[in-house]
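Inspection log for the structure reproduced underneath, given as structure tokens.
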Amino acid sequence: MKSKDIENLIKDEGLKNIPDIDIERIASTAVLPAKPRRVRKKGFAVAMAVIIAVVCVSTLSGVLFGTVSSEITISVNPALALAVTPMNTVKSVEMLNSDAEELFDEKEIEGKTVEAASEYIVNKLYEAGYITEDSEITVTAKGNNKKQNNAICEKIHGKANRYKHSRSHGGGNGN
Amino acid sequence: MELNELLLNLKNGERRALVEIYERTKRAVYSVAYGVLQNNAAAEDVMQETYIKICENIDGYDGGKPLGWICAIAKNQALDIYRKNKRLVGLSDNGIGQNEEDKNGVENDILASNIIEIARKTLTKTEFMIVHLHLIGGLKHREISKLVGKAPSSVRWIYTEAIKKIRAVVDKD
């Protein structure tokens with residue numbers, strides 16, 4: 001008998017012996033691990049929609065550095081108010097609720113340019129899961145210096161949208 | 001659909017994927033179990049436990065070599081049963097159904113019921129496992145080498161020699 005015949009005999013005989021188990025029952029009753037929860041949905045699944053309301057109140061005497069020319073209020077669920085000088089620097093920040101106190105560090109915002117501060121704020125919102133691909137982002141502005149207000153609003157809106165886009169593509173932090 | 005995709009589907013909670021996984025891997029799982037235990041009823045138990053364990057541990061599957069991952073689970077299940085039985089009945093390391101000494105008398109055992117039985121009685125445990133995994137499990141020598149902890153070239157050589165041994169017994173008979 002040739003080696004090939006031996007191999008075929010073993011294979012044929014062995015395949016006949018394979019038992020059939022009740023895989024349908026196992027498939028329907030076996031314990032599958034629980035799926036991991038998505039990041040920080042909190043109680044506001046609907047309000048995964050991020051609403052950013054920016055209220056800018058310009059003052060007439062806002063020419064000097066250090067003088068507040070705009071007051072910007074950003075409200076998502078964490079809410080905070082920024083006092084901005086005509087030089088686009090954040091003079092002070094006020095946390096308007098406990099979520100904001102928990103999430104943001106005043107030292108990271110005060111003294112920074114509006115651009116750097118909004119970068120930090122949007123980054124923090126993104127990391128905490130407040131900005132998702134299905135979030136609705138609304139930015140509104142009020143105030144006398146419309147040019148400055150619009151520019152600030154556009155910056156925040158633009159950054160938030162980039163983060164949203166990066167999350168929907170499974171990317172990093174939108175930079 | 002590839003086997004790794006089926007496992008990832010199972011990981012995503014699609015239970016029906018297990019049925020297809022079973023159809024594609026039952027030969028290999030059975031062969032691993034039988035190779036270790038050399039007992040059909042015990043191999044059947046291992047098969048059941050293996051597919052249950054696949055479900056329980058599916059989170060640990062990272063998308064890599066799917067058959068290797070499944071066979072490793074089967075091997076662990078088989079070894080668990082083997083160790084338990086060994087403690088109970090004091091068998092040697094050569095398998096539940098066989099001791100190394102049995103080989104000496106095999107040439108006289110012309111009443112072996114079938115070719116598998118001849119192989120089981122003729123070969124060492126490692127030789128038998130390699131032959132079984134290759135012919136019945138459908139595994140490649142490279143895949144077997146990982147399961148038995150030997151180089152692929154050694155596996156190929158052991159396999160060839162094992163077939164020669166069986167052939168010699170059959171021809172003599």
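Any read-out appearing in this document is the output of simple, stated calculations on the displayed coordinates, not a laboratory observation. None of these values were measured; they are calculated from a predicted model. Cβ atoms come from the backbone with ideal geometry, glycine included; neighbour counts cover every protein chain shown.
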- prompt: By count of other Cβ within 10 Å, fewest leading, how are A:Met1, B:Met129, A:Met95 ordered?
  reply: A:Met1, A:Met95, B:Met129
message: Just want the ordering: B:Arg167, A:Arg25, from fewest to most Cβ atoms lying within 10 Å of their own Cβ.
response: A:Arg25, B:Arg167
Distance (nanometres) between label positions extended 7 Å along Cα→Cβ at B:Asn85 and B:Lys65: 2.6 nm
- prompt: Reachable lysines from A:Lys147, Cα under 29 Å, same-chain residues fewer than 8 places away excluded?
  reply: A:Lys91, A:Lys107, A:Lys112, A:Lys124, A:Lys155, A:Lys159, A:Lys164
statement: Of the stretch A:99-128, those with amide N under 12 Å from the point 7 Å along the Cα→Cβ vector of A:Ala151 are A:114-115
message: Give me the extension gain from A:Ala81 to A:Arg25: residue separation times 0.36 nm, minus the current Cα-Cα distance, reported in nm with one decimal.
response: 14.3 nm
- prompt: Separation between the B:Asn12 and B:Ser154 pseudo-spin-labels, each 7 Å from Cα along Cα→Cβ, expressed in nm?
  reply: 4.1 nm
message: Going through the cross-link list B:Lys146/B:Lys172; B:Lys65/B:Lys165; B:Lys65/B:Lys86; B:Lys84/B:Lys172; A:Lys16/B:Lys140, which pairs have a Cα-Cα distance over 28 Å in this structure?
response: B:Lys146/B:Lys172; B:Lys65/B:Lys165; B:Lys65/B:Lys86; B:Lys84/B:Lys172
